[in-house]
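The values are calculated or read from the model by the stated rules, or taken from the named source; none is laboratory data. From a predicted model like this one, the values you see are computed outputs, not experimental measurements. Cβ coordinates were reconstructed from backbone atoms using ideal geometry, including for glycine residues, and neighbour counts include every protein chain displayed.
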Amino acid sequence: MSVVNTNIFMRHQTGFSLVEVMVALVVLSVGMIGIAALHGQSLSAGRTAQYRSVAINLSADMADRIRVNRLAEAAYGGAAANNNCDPVAGGGVDCTPAQMAAHDLFVWNQLVQQLLPNGQAQVLFNAGTNPPTFTITVAWDEVGEAAPVQHQIQLQQPTF
């Protein structure tokens, strides 16, 4: 009789078997790997969004500089130069509109290079349109992209 009672007792065992524990660990591990992958993608998407926001703000900054210095027009399509025209930095130099445009390009290019990885900026002036059009382009390197990513806006400047 005691043999029968022992077999019955062993069949009604409580708790988890080793196989059940191993299956639970595999399921948990797969879930954790998925969460880690999603976290990595969210970090990448956040970085991309931050760079795009910076590029948009820098493009808008140059558009504002062009709007303020209406007399310079074509000079914004030219070369950048540090003419010490910045009243905030205490340059104290009385600049012409063309000199101020070159200085604006100089300061703006420095900002683009500081705030974006391998940041590049360009302003093209098209006098052949009415009103004249400025094309402002900001480009930067993005992880996982073969070519630089760019943001571009066009600004039409009415002449007076």
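Points worth noting:
- Selection count, the range 138-151, where residues are in a loop (DSSP other than H, G, I, E, B) and in contact (Cβ under 8 Å) with a residue 24 or more places away in the chain: 5
- Selection over the range 60-70 of residues that are surrounded by 14 or more Cβ atoms within 10 Å (Cβ to Cβ) and either under 18 Å from the mean Cα position of the chain (by Cα) or not aliphatic (A, V, I, L, M) (or both) gives a count of 4.
Listed here are the residues, each with its yes/no results for (1) in a helix (DSSP H, G or I); (2) modelled with pLDDT under 95; (3) of a type outside the set (Lys, Arg); (4) under 30 Å from Phe106 (Cα atoms).
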| position | (1), (2), (3), (4) |
| --- | --- |
| Thr14 | no, yes, yes, no |
| Leu38 | yes, yes, yes, no |
| Gln50 | yes, yes, yes, yes |
| Arg65 | yes, yes, no, yes |
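- The residues of the range 138-156 that are more than 20 Å from Gln114 (Cα to Cα) and buried (at least 17 other Cβ atoms within 10 Å of the Cβ) amount to a single one, Leu155.
- Test result for Ala80, closer than 24 Å to Val112 by Cα, within 20 Å of the chain's Cα centre (by Cα) and either small (Gly, Ala, Ser) or at pLDDT below 90 (or both): no
- Taken together, Ala101, Ala80 contain a single residue that is assigned to a helix (DSSP H, G or I) and either out of contact with any Asp or Glu (no Cβ under 8 Å at 6 or more places or on another chain) or hydrophobic (A, V, I, L, M, F, W, C) (or both), which is Ala101.
- Checking Thr135 against (1) assigned to a loop (DSSP other than H, G, I, E, B); (2) surrounded by 13 or more Cβ atoms within 10 Å (Cβ to Cβ), the condition it does not meet: (1)
- A single member of Thr159, Thr133, Thr137 is polar (S, T, N, Q), in contact with a helix residue (DSSP H, G or I) (Cβ under 9 Å, 6 or more places away or on another chain) and at pLDDT 90 or above, and it is Thr137.
- Cβ-Cβ under 9 Å pairs, at least 6 apart or on other chains, the range 71-91 side of a type in the set (Phe, Trp, Tyr) and surrounded by 14 or more Cβ atoms within 10 Å (Cβ to Cβ), far side at pLDDT 85 or above and in a loop (DSSP other than H, G, I, E, B): Tyr76/Asn69
- Residue in the range 36-59 that is surrounded by 12 or more Cβ atoms within 10 Å (Cβ to Cβ), touching a helix residue (DSSP H, G or I) at 6+ places or on another chain (Cβ under 8 Å) and of a type outside the set (A, V, I, L, M, F, W, C) present: no
- Residue, surrounded by the most Cβ atoms within 10 Å (Cβ to Cβ), within the range 104-132, restricted to residues that are in a helix (DSSP H, G or I) and not aliphatic (A, V, I, L, M): Asp104
- In the set (1) in contact with a strand residue (DSSP E or B) (Cβ under 6 Å, 6 or more places away or on another chain); (2) touching a residue at least 12 places away in the same chain (Cβ under 8 Å); (3) of a type outside the set (Lys, Arg); (4) over 29 Å from Gln41 (Cβ atoms), the condition left unmet by Asn126 is number (2).
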